[in-house]
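Heads up, the thing below is written out as structure tokens.
The values are calculated or read from the model by the stated rules, or taken from the named source; none is laboratory data. Keep in mind that what you see is a predicted model, and the values were worked out from it rather than measured. Cβ placement follows ideal geometry from the backbone for every residue including glycine, while neighbour counts extend to all protein chains displayed. For accessibility, only protein heavy atoms count, side chains too; no ligands or nucleic acids. Shrake-Rupley method; radii C 1.70, N 1.55, O 1.52, S 1.80 Å.
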Amino acid sequence: MTGNGTQALTNLTTSDVLEITNETVMTDKGLIINGDSADSVSLSGSDWTSAGTTTQDSNTYNVYSFADTDGTHELLIQTDITTTVL
């Protein structure tokens, strides 16, 4: 998330993540969201599973995963971002 001030991504579904990553020809797709404590993300739907945390390039992320016929997909959200699952 870029820009000054508060940024919000609301009602992100597993279908949204697949649409965003659809241009890559691979299974087990993923998406990374970077931001800070002023930012927020809300995940919508019952398909999300909290899968702990991971560190990449000195940034720590909360991992949310879901599965479909193409494999298991991960959404990484920087831990500073306020995240809610609706």
Quiz item: Do you know which residues across segment 65-86 are of a type outside the set (S, T, N, Q) and open to solvent by 70 Å² or more (accessible area, probe 1.4 Å)?
Solution: ALA67, ASP70, GLU74, ASP80, VAL85, LEU86
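List the strands (runs of 3 or more DSSP E) that sit entirely inside segment 14-86 and contain at least 1 residues that are closer than 23 Å to ASN4 by Cβ.
Qualifying strands (runs of 3 or more DSSP E): 30-33, 40-43, 59-68, 71-78, 82-85.
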Quiz item: Given the conditions (1) more than 19 Å from GLU19 (Cβ to Cβ); (2) modelled with pLDDT of 95 or more; (3) not acidic (Asp, Glu), which single one is not true for ASN34?
Solution: (2)
Self-check item: Looking only at segment 32-51, and only at residues there that are farther than 10 Å from PHE66 by Cβ and among the hydroxyl-bearing types (Ser, Thr, Tyr), the one that is least open to solvent (accessible area, probe 1.4 Å)
Solution: SER42
